[in-house]
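The values are calculated or read from the model by the stated rules, or taken from the named source; none is laboratory data. Values in this document were obtained by computation on a predicted structure and should not be read as measured data. Note that we place each Cβ from the backbone using ideal geometry, even for glycine, and neighbour counts take in every protein chain shown. Ligands, DNA and RNA are excluded from the accessible area calculation, which covers all protein heavy atoms including side chains. Shrake-Rupley method; radii C 1.70, N 1.55, O 1.52, S 1.80 Å.
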Amino acid sequence: MESWRSPWGWAGETERTGDPFAVSVDVTPSGRLLCATAEYGVSNRAGRVTNLVSLSEPGSTLGPGAKATLRAIATHDARTDRQTAADRNPHVVFDGAPVGGANRPSPSLTEMVSTDDRARYDYADCRMGRPAAMGDDLFVVPVFGRTYRSGSRGQVFSFLLLDGQGAVRGKLEGMHRYEDSPFTGLCYTVAGDAYRARAFHLNRYGLYAWDAEGRMRARIPTGDAPFKALTHFALMDCTPAGELLLVHHKQHLLLRVPVPEDLGDLEDAVRAALKGYGPARNALKRQYAPVNWHWVAGAAPVHRF
């Protein structure tokens, strides 16, 4: 086993400790790595900032003794005038050289979402979420506006669709800036089904599903009685089998939701999964007797790397 550790704490940031590879990694059906990578020297921010969407080349591997080379396909914030050679990650390249300074994809994601003067102000100092693969050549990249101590519901956000060259293919449509806001509860995850070209998002107001063109195909409001329990779950990811993985905020249990081929039937699938959650949880409680929802299984096999 090999690890590429990121700097931890202020001392780690200032001393540039560790050998980071990526902030997040998703895998396409062909095995390519879709990564969010971080940089030093972005705008006036201290420390490393998640700022690049990167993609491994076909055949490039990540494993012990092999650190995959990533090709940057999108920059979030292009304000990198104060970057030096020491700020570059050798394994993240653009035009055959490590990304740094002006050598990077353009226009930036911030410029892509800032379509007018008002949007340019709203998206000032925005941040990039975790990219998710919807296929080998289709990715969704969330961009979120600034957050405020007084509350951020109604703040701007966009879920951009990019191809493998970083070109904009559109965005996930249909969400209302206030009524569907992901800022309540800080629900920032967008999950992609890379084998069926779909995307999903869950927040305090609903569960949403889109097709490859960015059209919303399902919206399940959490205000409706059968689906209020969704507010107790967070979306983790989508499995290769096409199941949504939800994790309960307090009970530390995973719920698998099979997604039908027709997204118009998603509501029935979610209703059935939620209905079965309670009896399955109670059976596990009788078996493991958790304390404060901490589950202990002394006889469970331990697999060591």
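What to note about this one:
- Close Cβ contacts (under 6 Å, 6 or more residues apart or on different chains) running from residues in the range 265-288 that are of a type in the set (A, V, I, L, M, F, W, C) and modelled with pLDDT under 95 to residues that are exposed (fewer than 10 other Cβ atoms within 10 Å of the Cβ) and part of a helix (DSSP H, G or I) are absent.
- Annotation: Ala218 fulfils all but one of (1) over 20 Å from Val259 (Cβ atoms); (2) buried (at least 19 other Cβ atoms within 10 Å of the Cβ); the unmet one is (1).
- Phe233 being under 17 Å from the mean Cα position of the chain (by Cα) and at pLDDT 95 or above: yes
- Ala167 aliphatic (A, V, I, L, M), open to solvent by 20 Å² or more (accessible area, probe 1.4 Å) and without any contact (Cβ under 8 Å) to a residue 24 or more places away in the chain: yes
- Strands (runs of 3 or more DSSP E) completely within the range 231-305 that count 2 or more residues being open to solvent by 50 Å² or more (accessible area, probe 1.4 Å): 254-258
- Test for Asp211: is it within 21 Å of the chain's Cα centre (by Cα), open to solvent by less than 30 Å² (accessible area, probe 1.4 Å) and closer than 22 Å to Asp137 by Cβ: yes
- Residue match in the range 93-114 (condition: within 26 Å of Ile220 (Cβ to Cβ) and basic (Lys, Arg)): no
- Selected residue [touching a helix residue (DSSP H, G or I) at 6+ places or on another chain (Cβ under 8 Å) and either in a loop (DSSP other than H, G, I, E, B) or modelled with pLDDT of 95 or more (or both)] from Phe227, Phe159, Phe200: Phe227
- Residue in the range 173-189 that is touching a residue at least 12 places away in the same chain (Cβ under 8 Å), buried (at least 16 other Cβ atoms within 10 Å of the Cβ) and in a strand (DSSP E or B) present: no
- Beta carbons closer than 9 Å, at least 6 apart along the sequence or on distinct chains, pair a first residue in the range 24-45 that is over 21 Å from Pro90 (Cα atoms) and touching a residue at least 24 places away in the same chain (Cβ under 8 Å) with a second that is assigned to a strand (DSSP E or B) and among the aromatic types (Phe, Trp, Tyr) for Thr28/Phe139.
- In the range 79-93, the residues that are touching a residue at least 24 places away in the same chain (Cβ under 8 Å) form Cβ pairs under 8 Å with partners that are in a loop (DSSP other than H, G, I, E, B) and open to solvent by 80 Å² or more (accessible area, probe 1.4 Å), at six or more places apart or across chains, as follows: Thr80/Ala102; Ala86/Arg16.
- The number of residues in the range 37-73 being among the hydrophobic types (A, V, I, L, M, F, W, C), in contact with a His (Cβ under 9 Å, 6 or more places away or on another chain) and open to solvent by less than 10 Å² (accessible area, probe 1.4 Å) comes to 5.
- Residues satisfying the stated conditions in the range 97-111, i.e. buried (at least 20 other Cβ atoms within 10 Å of the Cβ) and outside any loop (DSSP other than H, G, I, E, B): Gly100, Leu109, Thr110
- All positions within the range 112-130 that are touching a residue at least 24 places away in the same chain (Cβ under 8 Å) and either in a strand (DSSP E or B) or not β-branched (Val, Ile, Thr) (or both): Met112, Ala119, Asp122, Tyr123, Asp125, Cys126, Arg127, Met128, Gly129, Arg130
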